[in-house]
Amino acid sequence: MRTLIQDWRYGLRRLRKSPAFTAVAVLTFALGIGATTSIFTLVHQVMLRSLEVAEPEQLWRIGDAVRCCYWDGYTQGDGKGLPPNDWSFFSWEAYKVFRANTSAFEQLAAFQIGEANARLGVRRADSPAPVATANGEYVSGNFFETFGISAWRGRLFTDGDDREGGPPVAVMSFHTWQGKYGSDSSVVGATYDLNGHPFTIIGIASPGFFGAKIADSDMPDFWLPLTAEPLIAGATSRLRNPRLAWLDLIGRVRRGTNPKTLEAQLQVELRQWLASHVPDMTSQEKTLWDKQTLRLTPGGAGVSLMRENYKEALWLLLMAAACVLLVACANIANVLLARGLKDRYQTALRAALGASRARLVRKALAESLTLSVFGAAAGIAVAYAGARLILHLAITARDTWAPVNPAPSPPVLLFALGISVITGVAFGIAPAWMASLAEPIDVLRGVNRAVAGSRGVSGTAAAQKALVIVQATVSVVLLSAAAMLGQSLRNMEHHNFGFDIDGRYLVSIDPRTSGYRQEQLVPRFREIAGQLQSIPGVRMVGGVLEAPLKGWVWPHNILIEGNPEPGMSDDISSGWTRVTPGFFKTLGDKIVMGRPVTDEDNADTRPVAVVNDAFARKFFGKANPIGQHFGPAPAKKAGMYEIVGVAADVDFGDGIEPMYFLPEAQSTHFDDPEAEEREVSSHYLYNVVVWAPGKPPNIEVLVKRALADVDPNLLIYGVEPYSEVVHANFAQQNMIASLTWLFGGVGLVLAAVGLYGVTAYGVEQRTSEIGVRMALGADRGSVVAMVLRGAFGQVGIGLALGIPAAIGTGRLIASHLFGVRPWDPLMLSGAALLLVLATLSAAVFPARRATRVDPMVALRHE
């Protein structure tokens with residue numbers, strides 16, 4: 001131990017006496033370790049961490065799928081987004097059956113699935129303040145007890161709070177209480193109007209608990225009892241509909257319970273419950289209900305939508321960061337090799353005086369480990385900044401909040417320390433071993449003459465060149481991947497969405513939360529359109545349930561009147577939405593056949609629909625769809641809507657899909673409760689598109705002012721140009737492309753620095769040779785060519801290895817590419833050109849220095 005301490009102290013002294021070397025080495029380590037640790041910070045937060053609850057290992061979830069926002073029917077799993085017959089979501093009735101009959105659960109809690117939160121308009125009772133927007137999540141009365149959560153202020157729900165007819169109560173999240181209400185202690189016990197209904201805030205949840213699901217948006221501000229759902233949802237309530245599965249279930253199992261045995265028991269309970277509803281099933285469900293299966297999965301991490309949304313991106317970035325770390329470590333190894341050769345005289349002298357090879361290796365290794373630990377400390381600061389950058393690019397740039405902390409946690413700190421030790425040993429042992437190969441006889445021969453031919457020097461030179469080749473190879477891979485991802489992002493942002501985004505603005509509102517009744521909606525939207533069109537510069541206004549590029553549409557199966565009954569394998573799905581007159585013209589969506597929705601399409605006229613080109617091609621082929629009738633399944637509804645027009649295809653967020661558009665002023669009635677709920681909900685249009693070409697000044701302010709004139713209580717989420725909507729729609733792709741470019745740039749700079757060091761060292765070693773060549777008549781051009789030839793020879797090998805590797809990498813990331821081939825010659829050529837330019841800039845200075853060698857001085861020194 002005393003010897004190790006001596007070696008460490010000696011290494012510290014050497015590093016202190018070489019501040020430039022130490023600074024470069026520590027900075028290189030910091031970039032490599034910091035890049036990797038920043039990504040691992042997000043990987044840990046999103047992929048690996050458990051909920052901050054009591055004994056998370058005891059929590060098990062019934063089901064394994066993640067979905068938004070509910071499932072309709074007595075069979076689940078579509079073979080596309082979900083495995084066939086895989087049951088993961090539950091109705092309120094099914095939840096009560098499982099809770100009452102599964103004794104292996106100490107507690108079994110239910111909460112809304114996916115991102116399906118209740119949109120809330122919140123205002124303190126009797127307050128003149130404007131209504132604020134918030135997210136509500138319905139949970140069972142034992143929700144907090146199941147997770148072992150205590151209240152920060154007040155109390156949390158009990159089963160007594162989750163009973164029909166009970167007083168309306170709510171629990172506020174700590175994040176909301178602190179951020180939106182300034183930690184006001186009077187919140188607890190106060191009454192707040194939630195969508196116009198008085199709720200008493202009974203408590204504040206603990207700071208570390210954000211809920212049982214982790215998402216990058218719409219995290220709950222308030223938790224509401226399940227039985228409060230009919231009060232908020234009104235006619236669209238899902239609580240008592242056994243067909244609607246809108247709940248996730250997580251329970252705390254009793255100690256000693258075998259998960260496989262419990263899973264089998266739950267399977268039996270599911271079949272028994274389904275058997276009790278066979279008379280209510282459709283013909284297709286009756287053939288599949290007894291094939292339904294469920295899985296019991298660990299629930300300690302909750303239900304993470306972020307994990308599903310970001311797992312591929314984070315692993316991709318982690319691999320890119322690992323490449324940066326590899327380049328950085330190769331750089332460090334090169335620096336340590338050069339430093340070891342510079343000190344070869346001292347090393348040989350120590351060996352001549354009796355130092356063992358193991359001691360020489362240990363001494364050199366102590367120095368590299370010290371550097372790596374210092375680099376790790378600096379890397380943690382880089383990691384914190386990098387994690388904040390990623391959060392900004394992927395999440396907070398969209399003006400939202402996610403429960404992700406960029407500060408390094410203890411596991412992350414251990415990861416950084418482990419990486420630093422591994423890199424210090426792995427890339428310090430080779431230089432240390434090379435340095436130990438110096439022979440004592442070299443001391444007697446003199447440093448400059450004989451050592452160049454020794455096995456230590458020749459082996460070191462070969463190792464340095466190999467490391468430069470590795471750096472060049474990895475740099476080509478990073479740069480080509482960055483180029484492909486960057487071009488893919490540009491292709492996505494500028495491809496044809498079916499309408500021109502210039503001059504279009506998206507206004508997000510919430511008429512449901514504002515308390516409008518259905519009969520008020522049509523005149524209210526007419527008033528909104530008239531008020532907005534009175535703004536100078538506004539050409540047209542159109543309302544829509546969910547606007548294009550907002551990410552989703554409502555899908556369901558439709559049937560064409562007169563067509564035979566489709567088979568079970570036939571795809572008869574279509575998306576649909578609801579619009580006001582003027583929507584198509586406002587958006588710039590051309591009507592290619594027939595007519596658009598007009599003011600004449602009202603409650604007194606026959607129900608009509610406009611379909612898009614994709615719908616017409618899918619269901620009618622080359623036949624004329626105008627005048628044809630269709631409707632949602634089942635068959636008795638097949639003649640519900642008459643097609644009056646065909647619109648050009650528009651991308652609503654998932655590419656071009658079959659779509660049909662219904663007039664806001666027309667409504668139909670369905671016997672099925674779920675279909676009726678969807679019909680009623682569809683009239684609450686959440687978006688208004690404004691066409692104001694020429695970018696009128698202060699258009700966002702004027703729009704908000706006009707809406708406030710219509711109704712001061714109308715909730716307005718925001719007014720944004722459609723260009724920002726497009727940018728937000730590709731936030732994750734932008735994050736991947738930006739960080740890959742950043743990593744590629746860092747890798748290229750480090751590779752250039754490494755090449756510069758090797759070339760400069762080579763010039764120094766060949767000083768005598770260069771002097772002889774110049775004494776024998778070599779001009780400066782030939783000397784420069786000799787140096788550049790050596791540098792480009794190493795990089796050329798790196799290119800030869802890197803281009804195939806880049807093509808292979810392109811195939812691996814093909815799912816993230818849009819309109820770009822993995823073997824795109826332009827991208828590969830651009831990466832190769834950048835590396836060549838970096839090589840030229842790194843080699844030209846040592847080459848110029850070589851031309852300044854005085855032949856007489858070099859020969860005299862020899």
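The values are calculated or read from the model by the stated rules, or taken from the named source; none is laboratory data. From a predicted model like this one, the values you see are computed outputs, not experimental measurements. A quick note on method: Cβ atoms are made from the backbone with ideal geometry, for glycine too, and the neighbour counts reach across all protein chains shown. Accessible surface is based on the protein model in full, side chains and every heavy atom, while ligands, DNA and RNA are left aside. Shrake-Rupley method; radii C 1.70, N 1.55, O 1.52, S 1.80 Å.
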Query raised in the report: So which pairs qualify, if the first residue must be in the stretch 589-607 and free of Cβ contacts under 8 Å to residues at least 60 places away in the same chain, the second must be among the charged types (D, E, K, R) and assigned to a loop (DSSP other than H, G, I, E, B), the Cβ gap must be under 9 Å, and the two must be at least 6 apart or on different chains?
Result: PRO596/ASP589
Query - In the stretch 759-783, the residues that are open to solvent by less than 60 Å² (accessible area, probe 1.4 Å), out of contact with any Ser or Thr (no Cβ under 6 Å at 6 or more places or on another chain) and β-branched (Val, Ile, Thr) - result: THR759, VAL763, THR767, ILE770
Query raised in the report: Restricting attention to the stretch 650-707, and to residues there that are at pLDDT 90 or above and β-branched (Val, Ile, Thr), which single residue is farthest from ALA235 (Cα to Cα)?
Result: ILE699
Report task. State whether one or more residues within the stretch 813-820 are out of contact with any Gly (no Cβ under 6 Å at 6 or more places or on another chain), open to solvent by 70 Å² or more (accessible area, probe 1.4 Å), on the phi > 0 side of the Ramachandran plot and not hydroxyl-bearing (Ser, Thr, Tyr). Result -> yes
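When you go through TRP315, TRP289 one by one, which is the residue that is more than 30 Å from LEU485 (Cβ to Cβ) and of a type in the set (Phe, Trp, Tyr)?
After ruling out the rest, the residue left standing is TRP289.
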Query raised in the report: What is the number of the single condition among (1) under 21 Å from LEU521 (Cα atoms); (2) within 32 Å of the chain's Cα centre (by Cα) that PRO555 does not meet?
Result: (1)
Requested in this report: Just need a number here: residues in the stretch 596-618 that are out of contact with any strand residue (DSSP E or B) (no Cβ under 8 Å at 6 or more places or on another chain) and not in a loop (DSSP other than H, G, I, E, B).
Outcome: 1
Query raised in the report: Taking the stretch 249-268 only, how many residues are over 13 Å from ILE62 (Cβ atoms), of a type in the set (Lys, Arg) and outside any helix (DSSP H, G or I)?
Result: 2
Query - Residue in the stretch 641-684 that is surrounded by the most Cβ atoms within 10 Å (Cβ to Cβ), counting only those that are touching a Pro at 6+ places or on another chain (Cβ under 9 Å) and of a type in the set (Gly, Ala, Ser) - result: ALA647
Query raised in the report: What strands (runs of 3 or more DSSP E) lie completely within the stretch 483-579 and have 2 or more residues being of a type outside the set (S, T, N, Q) and in contact with a Pro (Cβ under 8 Å, 6 or more places away or on another chain)?
Result: 504-510, 554-560, 573-579
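At least 1 residues that are farther than 20 Å from TRP401 by Cα and modelled with pLDDT of 95 or more in each: list the strands (runs of 3 or more DSSP E) lying fully within the stretch 80-146 that qualify.
Where strands (runs of 3 or more DSSP E) fall fully within the stretch 80-146 and carry at least 1 residues being farther than 20 Å from TRP401 by Cα and modelled with pLDDT of 95 or more, they are 105-112, 132-139.
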Requested in this report: Keeping to the stretch 667-718, report how many residues are assigned to a helix (DSSP H, G or I) and small (Gly, Ala, Ser).
Outcome: 4
Report task. Quick one: count up the residues across the stretch 121-163 that are more than 18 Å from ALA54 (Cα to Cα), surrounded by 21 or more Cβ atoms within 10 Å (Cβ to Cβ) and of a type in the set (A, V, I, L, M, F, W, C). Result -> 4
Query raised in the report: Which residue pairs have Cβ atoms closer than 9 Å, lie 6 or more positions apart in sequence or on different chains, and pair a first residue in the stretch 285-302 that is within 15 Å of GLU263 (Cα to Cα) with a second residue that is open to solvent by 40 Å² or more (accessible area, probe 1.4 Å) and of a type in the set (Phe, Trp, Tyr)?
Result: LEU296/TRP60; THR297/TRP60; PRO298/TRP60; GLY299/TRP60
Query raised in the report: Using beta carbons and a limit of 6 Å, which pairs, at least six apart or on different chains, have the first residue in the stretch 413-427 and under 10 Å from LEU369 (Cβ atoms) and touching a residue at least 12 places away in the same chain (Cβ under 8 Å) and the second one open to solvent by less than 30 Å² (accessible area, probe 1.4 Å) and basic (Lys, Arg)?
Result: none
Query - Which numbered condition ALA438 fails, given (1) farther than 30 Å from ILE214 by Cα; (2) at pLDDT below 65; (3) open to solvent by 50 Å² or more (accessible area, probe 1.4 Å) - result: (3)
Query raised in the report: Taking the stretch 262-318 only, how many residues are under 22 Å from GLY73 (Cβ atoms) and among the basic types (Lys, Arg)?
Result: 4
Requested in this report: Run LYS213 past the list (1) modelled with pLDDT under 90; (2) open to solvent by 50 Å² or more (accessible area, probe 1.4 Å); (3) of a type in the set (D, E, K, R) and report the number of the one that doesn't hold.
Outcome: (2)
Report task. Keeping to the stretch 836-854, report how many residues are hydroxyl-bearing (Ser, Thr, Tyr), within 48 Å of the chain's Cα centre (by Cα) and open to solvent by 10 Å² or more (accessible area, probe 1.4 Å). Result -> 1
Query raised in the report: Do we find that GLY639 is in a loop (DSSP other than H, G, I, E, B), among the small types (Gly, Ala, Ser) and out of contact with any His (no Cβ under 6 Å at 6 or more places or on another chain) in this structure?
Result: no
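Conditions (1) in contact (Cβ under 8 Å) with a residue 24 or more places away in the chain; (2) closer than 30 Å to GLY375 by Cβ; (3) surrounded by 18 or more Cβ atoms within 10 Å (Cβ to Cβ); (4) in contact with a strand residue (DSSP E or B) (Cβ under 9 Å, 6 or more places away or on another chain), marked per residue:
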{"position": "ARG2", "(1), (2), (3), (4)": "no, yes, no, no"}
{"position": "GLN6", "(1), (2), (3), (4)": "no, yes, no, no"}
{"position": "ARG13", "(1), (2), (3), (4)": "no, yes, no, no"}
{"position": "LEU48", "(1), (2), (3), (4)": "yes, yes, no, no"}
{"position": "GLU52", "(1), (2), (3), (4)": "yes, no, no, no"}
{"position": "PRO56", "(1), (2), (3), (4)": "yes, no, yes, yes"}
{"position": "THR75", "(1), (2), (3), (4)": "yes, no, yes, yes"}
Report task. Within the stretch 705-733, work out how many residues are under 30 Å from LEU316 (Cα atoms) and free of Cβ contacts under 8 Å to residues at least 60 places away in the same chain. Result -> 1
Query raised in the report: Does ASP280 satisfy being loosely packed, with under 14 Cβ neighbours inside 10 Å and touching a Lys or Arg at 6+ places or on another chain (Cβ under 9 Å)?
Result: yes
Query raised in the report: Which number in (1) closer than 26 Å to LEU840 by Cα; (2) without any contact (Cβ under 8 Å) to a residue 24 or more places away in the chain; (3) open to solvent by 50 Å² or more (accessible area, probe 1.4 Å) marks the one condition that LEU801 misses?
Result: (2)
Query raised in the report: Can you tell me which of ALA383, ALA320, ALA358 is surrounded by fewer than 18 Cβ atoms within 10 Å (Cβ to Cβ), part of a helix (DSSP H, G or I), of a type in the set (Gly, Ala, Ser) and out of contact with any Asp or Glu (no Cβ under 7 Å at 6 or more places or on another chain)?
Result: ALA358
Query - Residue identified as modelled with pLDDT of 90 or more and open to solvent by 40 Å² or more (accessible area, probe 1.4 Å) among GLY503, GLY530 - result: GLY530
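Considering only the stretch 618-633, state which residues are out of contact with any Gly (no Cβ under 7 Å at 6 or more places or on another chain) and surrounded by 15 or more Cβ atoms within 10 Å (Cβ to Cβ).
Here is the first cut: in the stretch 618-633, the ones out of contact with any Gly (no Cβ under 7 Å at 6 or more places or on another chain) are 618-625, 627-628, 630, 632-633.
Within the stretch 618-633, LYS618, PHE619, PHE620, PRO625, GLN628, PHE630, PRO632, ALA633 qualify.
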